[in-house]
1. So for the pair Ser12, Thr42, with labels modelled 7 Å out along Cα→Cβ, what separation do we get in nm?
2. Between Leu30 and Lys50, what length comes free when the chain is fully extended (0.36 nm per residue of separation minus the Cα-Cα distance, one decimal in nm)?
Amino acid sequence: MSSSKRSGNSVSRIKTGSFERRLSLTRAGLFAGTRMASHMATNWLSSKEKRDERHPCHAFKPGALSC
């Protein structure tokens, strides 16, 4: 089966240059950092009740062993 007929994601070109590798890692880090910052900002700006509604397992429950 030729590579053009395969289904799914395929690598069209292997990134062998150091600049391309660094750029890919930088982009991945920026996307992960942006997602984390948005989650932190959402939690920081919302009330405790709203946070507990979204994350019921994170609320402190005395005597509870699990959610």
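1. 3.2 nm
2. Value of the extension gain: 4.5 nm.
Rule-based calculations on the coordinates, nothing more; no lab input. Since this is a predicted model, take the numbers as computed values, not measurements. Don't worry about glycine lacking a Cβ; one is built from the backbone with ideal geometry, like all the others, and counts go over all protein chains shown.
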